[in-house]
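Following: one structure in structure tokens, then a few remarks.
The values are calculated or read from the model by the stated rules, or taken from the named source; none is laboratory data. What you are looking at is a predicted structure, and each value in this text was computed from that prediction instead of being measured. Cβ coordinates were reconstructed from backbone atoms using ideal geometry, including for glycine residues, and neighbour counts include every protein chain displayed. We work out accessible area using only protein heavy atoms, side chains counted, and drop any ligands, DNA or RNA first. Shrake-Rupley method; radii C 1.70, N 1.55, O 1.52, S 1.80 Å.
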Amino acid sequence: MNVVPSSPQIQARARRLQPRPAAPSFEAERLHRKQRLAATFRLFARYGFDQGLAGHVTARDPEFPDHYWINPLAVHFSQIKVSDLQLVDHDGTILHGERPINTAGFTIHSALHRARPDVIAAAHTHSTYGKAFSALGKKLLPITQDSCAFYEDHALFDPFSGVVLDDSEGERLAHALGPRKALILQNHGLLTVGPTVEAAAWWFLSMDNAAHTQLLAEAAGQVKPIAPDIARLTASQVGTQQGGYFSFQPLWNWIVALEPDLLD
């Protein structure tokens, strides 16, 4: 069989994942974000991140940037569909949907979206390993390639002062996050933000995994962190927003194939 050799340009293109093209309209972009948001809840349920009424993920609306989509209160992550998502403004007014929302979720996310115009999505749950690690009151160490994604790009919010219900507490949380992608809420859990729903969701999954890994490693013995210059280089390789977006794609394909009703 004759094989026609491909050009260097074609070979290079084949080695790269192609970026998502811009949506042709606000409506198309809104649907994209809502579908990925619903998929995120389904994935988080699969990872065991559901905990009673706790946990919330938001996506900024593309047409009305001071509005964001959020999960309704008391609907299990494993049952959330696109049609269940509710639209809320920065004042907490529910503009679309008839269910209540998590008050702490509104307080946290409204402050984050207001303080960070670059943030499209934010994720917070009471994941087991995230909670366990947050009780240590320290940041993640660069002990693996994966954990380097958060090197010099996450912060610690302390001390714990109860459920975040006050606007000033939400603002203090947003200030602690600053320009970073992630925050450890002491005695509470993890929070991630991103310029896409995909990146915010992937970073939450990855951060919880990094917390789990460090808990295991430190329980086994003395850890050996990666040198700062190498950790910084690795962060530039594995901690980019493009990396977060593309890492989410296999999970998107998997959960939609298993649970297509999430798109309803």
Restricting region 210-262 to residues that are hydroxyl-bearing (Ser, Thr, Tyr) and in a helix (DSSP H, G or I), which is most open to solvent (accessible area, probe 1.4 Å)? SER236
Counted residues, region 24-58 - those being outside any helix (DSSP H, G or I), in contact with a Leu (Cβ under 8 Å, 6 or more places away or on another chain) and farther than 16 Å from GLY194 by Cα: 2
Within region 71-93, residues of a type in the set (Ser, Thr, Tyr) and either open to solvent by less than 20 Å² (accessible area, probe 1.4 Å) or in a loop (DSSP other than H, G, I, E, B) (or both) come out as THR93
Regarding ALA121, is this residue touching a strand residue (DSSP E or B) at 6+ places or on another chain (Cβ under 7 Å) and aliphatic (A, V, I, L, M)? yes
When region 48-70 is checked residue by residue, the ones that are without any contact (Cβ under 8 Å) to a residue 60 or more places away in the chain, closer than 23 Å to SER127 by Cβ and open to solvent by less than 10 Å² (accessible area, probe 1.4 Å) are TYR68, ILE70
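For (1) on the phi < 0 side of the Ramachandran plot; (2) modelled with pLDDT of 95 or more; (3) under 15 Å from the mean Cα position of the chain (by Cα); (4) not aromatic (Phe, Trp, Tyr), each residue gets a yes or a no:
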position	(1), (2), (3), (4)
ILE10	yes, no, no, yes
THR40	yes, yes, yes, yes
HIS76	yes, yes, no, yes
LYS81	yes, yes, no, yes
GLY92	no, no, no, yes
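Here's the yes/no breakdown for (1) among the acidic types (Asp, Glu); (2) over 30 Å from GLN249 (Cα atoms); (3) at pLDDT 95 or above:
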| position | (1), (2), (3) |
| --- | --- |
| GLU169 | yes, yes, no |
| PRO179 | no, no, yes |
| THR192 | no, no, yes |
| ALA201 | no, no, yes |
| SER206 | no, no, yes |
| ALA211 | no, no, yes |
| LEU216 | no, no, yes |
| ALA220 | no, yes, yes |
| ILE226 | no, no, yes |
With respect to the numbered conditions (1) closer than 28 Å to ASN102 by Cβ; (2) of a type in the set (D, E, K, R); (3) more than 15 Å from the chain's Cα centre (by Cα), which one is the sole condition not fulfilled by GLU198? (3)
Residue hits (region 14-37; open to solvent by 80 Å² or more (accessible area, probe 1.4 Å) and charged (D, E, K, R)) are ARG15, ARG16, ARG20, GLU27
Would you tally the residues in region 27-53 being within 13 Å of ALA200 (Cβ to Cβ) and of a type outside the set (A, V, I, L, M, F, W, C)? 3
Of the conditions (1) within 17 Å of the chain's Cα centre (by Cα); (2) under 14 Å from PHE204 (Cβ atoms), ARG116 satisfies every one except a single condition; which number is it? (2)
Evaluate the following for ALA201: is it of a type outside the set (Lys, Arg) and without any contact (Cβ under 8 Å) to a residue 40 or more places away in the chain? no
